[in-house]
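As structure tokens, the structure follows; a few thoughts come after it.
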Amino acid sequence: MNNLKYQKDYWKSFITSSQEDMLAKDLNSSWDENSKSYSTPTEIPKPYLDYIKQDIKLIKVIDFGVGLGRNQQYLKSIFNEVHGFDLPEMIEKYKKTASKDSKLIHDVSEFDDNYSLLYETTVFQHMPPDEVIFYLTYLSYRTKYYFSHTRSYNDFFRNFKNNTGGVNIYHLIMATNCWEPISFSNNKINSLNDETHYFALYKSKNKNA
């Protein structure tokens with residue numbers, strides 16, 4: 001439990017105290033200080049998009065853990081609506097540079113009921129497991145598909161001194177019993193010590209339309 005409290009306190013402290021450029025670089029190294037923008041989004045593999053488009057229209061997406069907007073322009077090129085979700089402290093930071101048409105939210109009550117996709121890249125790997133399960137369960141009733149870019153393990157309960165332990169991300173997702181696995185980009189999903197990130201696509205068991 002000490003590691004869980006440390007992780008949460010560290011992240012909130014980091015958000016509120018860091019300069020925007022330093023924070024942006026830590027979130028992703030493709031941040032350019034001159035243009036105040038990111039150059040490299042995390043793209044959804046075309047086969048995943050094609051699979052989703054066979055079933056539904058790409059109308060609305062949740063950019064979960066929007067940060068400072070690294071993936072916003074990319075998502076806006078694909079979806080009609082892009083909703084960015086993050087902690088209140090991060091949303092306040094991002095509002096300073098976000099475009100006027102950006103819909104930024106920080107409370108679950110603000111989620112709509114009909115999203116095409118939950119888009120999450122390297123976010124759940126840093127969140128408390130109970131919160132990961134809560135959000136994935138809650139959003140399974142509002143989102144038809146879930147795209148993930150993650151490493152195999154979650155930071156919480158991990159022993160960083162000897163690089164052991166942790167909670168497996170895939171096992172957390174399966175524990176919700178809300179998502180059906182569709183595809184994985186590699187076979188590292190069951191590891192607890194592999195740093196390789198992989199893509200995954202899931203379909204909600206709770207949202208039919």
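The values are calculated or read from the model by the stated rules, or taken from the named source; none is laboratory data. These numbers come from a predicted model, not from an experiment. Note that each Cβ is placed from the backbone with ideal geometry, even for glycine, and that neighbours are counted across all protein chains shown.
When segment 174-204 is filtered for residues that are basic (Lys, Arg) and outside any strand (DSSP E or B), only Lys188 remains. For segment 72-88, filtered to residues that are part of a helix (DSSP H, G or I) and in contact (Cβ under 8 Å) with a residue 24 or more places away in the chain, the residue that is surrounded by the most Cβ atoms within 10 Å (Cβ to Cβ) is Leu75.
Among the residues that make up segment 132-151, is at least one of them at pLDDT below 90, part of a strand (DSSP E or B) and of a type in the set (Ser, Thr, Tyr)?
The answer is no; no qualifying residue exists.
Among the residues making up segment 103-119, those that are of a type outside the set (D, E, K, R) and either touching a Lys or Arg at 6+ places or on another chain (Cβ under 8 Å) or part of a helix (DSSP H, G or I) (or both) are Leu104, Val108, Ser109, Phe111, Asn114, Tyr115, Ser116, Leu117.
Just one of the listed residues (Ile91, Ile56, Ile52) is surrounded by fewer than 16 Cβ atoms within 10 Å (Cβ to Cβ), touching a strand residue (DSSP E or B) at 6+ places or on another chain (Cβ under 6 Å) and of a type in the set (Val, Ile, Thr), namely Ile56. If you go through segment 28-70 and pick out every residue that is among the small types (Gly, Ala, Ser) and over 18 Å from the mean Cα position of the chain (by Cα), you end up with 3.
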